[in-house]
Amino acid sequence: MTTSLYTGAARYVDGIPVVPSTAARNARYPTPPAGFRVHNLETRALEIYESGAWVTADSFGSAGAAYVDASRMTGANWGAKVSAALDVLPATGGIVDAHGITGSEALTGTLTLDVPYLTLLVSSAMTLSMSTFGIVVPVATHGVRLLGQGFLGARTQNGAYPEGAWSYAGTGNAITVGDSSAATKGFAMEDIGIWLGAAGDAAVGVDLNYCHYADFVRLLVLGKLGGGTPPDSRNIGVSIDGTGSFSGWIGFRHCILNRCYQGIVGTNVVNAVTILGGAIGGRSASIVGSAGIVITSGANWSSQNVDIDQFEHGVHLDAAYHNTLLFRGENNTLDAYLTTNAYENDILCTHGLSGFTDLGRNNYVRGEAGKGKPAEELLGLQINANMNSTADQPIRVKSNNFRVTRVMVTNASISLTTAAGGVYTAASKGGTAIVAAGQVYSALTAAAKVLDLTIASSDRVTTAGATVNVYLSLTTAQGVAATADVYVYGVRLD
């Protein structure tokens with residue numbers, strides 16, 4: 001046992017002094033009593049003084065693969081004990097086992113996980129009050145893993161305050177990983193629950209910055225349970241930022257992000273994100289700007305069998321391309337919204353399709369096996385169409401089987417007092433007149449004016465060939481140089 005004669009060590013494990021080396025041990029304790037023990041960081045062993053010599057009593061880790069039991073560290077709470085355990089680990093990393101710390105615990109300051117290749121084991125029998133303090137993984141601290149115990153790290157997954165969750169009450173991020181100055185690689189969380197019910201309206205569960213190869217398994221993030229007034233409550237489950245270069249190779253498996261303003265958000269180039277199973281839930285589909293998955297900039301995202309529920313937009317794609325998102329949408333105002341910057345994305349909603357808006361190029365949005373509700377999208381456009389020509393002006397359409405529901409003209413270069421003419425399914429004013437030959441454009445008196453042309457035929461158009469066009473073909477030219485932008489909207493039936 002430790003005696004009162006030898007209390008000069010800076011740190012203690014379970015009341016036993018910690019010494020940095022054998023030389024320090026001998027200098028500090030030249031003639032200890034029999035049975036006196038120390039933790040020697042050089043030998044990675046618990047040593048005991050017997051018969052006039054030091055002998056190894058118990059190994060607690062080997063060089064390069066250290067193991068520290070945080071419950072045996074000196075500290076007033078979970079955060080202090082884990083911090084003390086991190087001090088014991090070598091710079092090459094190791095395991096901090098906090099399974100033995102249970103019940104109600106606290107974080108009373110920011111916990112910095114600055115040891116690379118660290119595995120932190122936590123118990124679902126511990127409920128952690130983080131107060132306003134977060135957990136930070138500094139930039140370029142690679143290979144940090146937070147591993148919980150039990151499904152989603154919380155024994156009551158959707159309660160007001162689930163047992164076993166980490167309760168964050170700050171206004172920033174509960175977990176912050178990396179920054180834009182360099183890549184941070186190999187971060188992982190498994191069976192950890194984060195509760196934002198007492199947090200600020202803009203609080204975030206996990207914030208990744210310039211991260212590569214991150215992995216989330218059964219992560220739980222719960223936003224406010226009506227704690228704010230929409231749209232004030234804007235909790236985000238996981239935010240991924242690629243500033244610095246890009247973030248990518250990030251996986252989510254069977255995660256639950258619930259009561260969020262936005263579930264998973266990728267900004268400033270986030271590539272190669274895979275979402276498998278789980279659920280992303282909002283607070284109300286009436287909250288403007290809410291979305292389950294948001295890709296503001298990125299490519300090669302994929303999702304499968306994830307449920308997205310109660311958002312204005314189930315998925316929202318801006319400068320996004322080559323993404324394949326398969327999900328089950330429920331109670332969303334629109335299951336998918338694609339801006340003019342989105343192109344060549346494949347979206348499949350497997351629970352019918354509540355509706356979608358596709359303003360982009362060469363996207364494919366549909367519901368499952370005919371259960372989808374056809375919705376209007378931009379089929380083709382002609383910028384600066386010549387309103388002083390009666391020649392055919394082809395407008396390429398991104399479907400071989402479609403129905404035109406609307407033709408919109410705007411941005412006239414001058415007041416179109418004379419121009420008249422229609423839109424046809426074939427050249428030389430042939431085929432079917434989608435818009436009749438007598439259509440006038442005189443309402444377009446200024447560039448800001450918008451005119452929806454009168455649809456003469458909304459019959460289905462079926463054509464063959466790699467290039468499909470409809471044709472703007474005026475009957476009467478303006479008489480002077482004039483241009484306008486023509487947008488053809490409709491429903492794809494292929």
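Each reported figure results from applying straightforward, stated rules to the coordinates on display, with no laboratory input. What you are looking at is a predicted structure, and each value in this text was computed from that prediction instead of being measured. Because the Cβ atoms are built from the backbone with ideal geometry, glycine has one as well, and the counts that use them run over all protein chains shown.
Odds and ends about this structure:
- Only helices enter the 222 nm calculation for the chain: every DSSP H run of n ≥ 4 contributes -39,500 (n - 2.57), and dividing by all residues gives -1000 deg cm²/dmol, rounded to 500.
- The convex hull defined by the C-alpha atoms of region 181-318 has an orientation-averaged projected area of 7.2 nm².
- Prolate/oblate/rounded call for region 134-367, Cα gyration tensor, a/c under 1.5 rounded: oblate
- Volume in Å³ per residue [convex hull over Cα atoms, computed for the chain]: 153
- Spin-label pair Met408/Asn341, simplified geometry with 7 Å Cα→Cβ offset, distance in nm: 1.9
- In this calculation the C-beta distance from Val55 to Leu326 is compared with R0 = 56 Å, giving a FRET efficiency of 0.35.
- Charge sum, other residues only, whose C-beta stays under 12 Å from Ala342's C-beta, Lys/Arg counted +1 and Asp/Glu -1: -4
- Given 13 as the ceiling on other Cβ atoms within 10 Å, longest exposed-site-free region of the chain for trypsin sites (Lys or Arg not before Pro) in DSSP loops: 1-370
- Formal net charge of residues neighbouring Leu208 (Cβ-Cβ distance under 14 Å; K, R +1; D, E -1): -3
- In order along region 318-324, the phi-based Karplus estimate (6.51 cos²θ - 1.76 cosθ + 1.60, θ = phi - 60°) of 3J(HN,Hα) comes to 10, 7, 10, 8, 6, 10, 10 Hz; Gly and Pro are listed as x.
- Computed log₁₀ I(q)/I(0) - Debye formula, equal Cα scatterers, no solvent, region 395-494, q 0.10, 0.11, 0.13, 0.17 Å⁻¹: -0.26, -0.32, -0.44, -0.73
- In Hz, Karplus ³J(HN,Hα) per residue of region 110-123 (6.51, -1.76, 1.60; θ = phi - 60°; x = Gly, Pro): 4, 9, 9, 8, 9, 9, x, 6, 8, 10, 9, 9, 10, 9
- Between the amide H of Ile275 and those of Phe252, Ser302, Ser303, Gln304, distances stay under 5 Å, these residues lying 5 or more places away or on another chain, with hydrogens modeled in the peptide plane.
- Ser302 versus Thr108: modelled label distance in nm, points set 7 Å from Cα along the beta carbon direction: 4.9
- Against the main long axis of the alpha-carbon atoms of the chain, helix 78-88 sits at an angle near 70°.
- Amide H contacts of Thr357 (H built 1.01 Å from N, under 5 Å, at least 5 apart or other chain): Ala336, Tyr337, Leu338
- Net charge of Cβ neighbours under 15 Å - reference Pro33; Lys, Arg +1; Asp, Glu -1: +1
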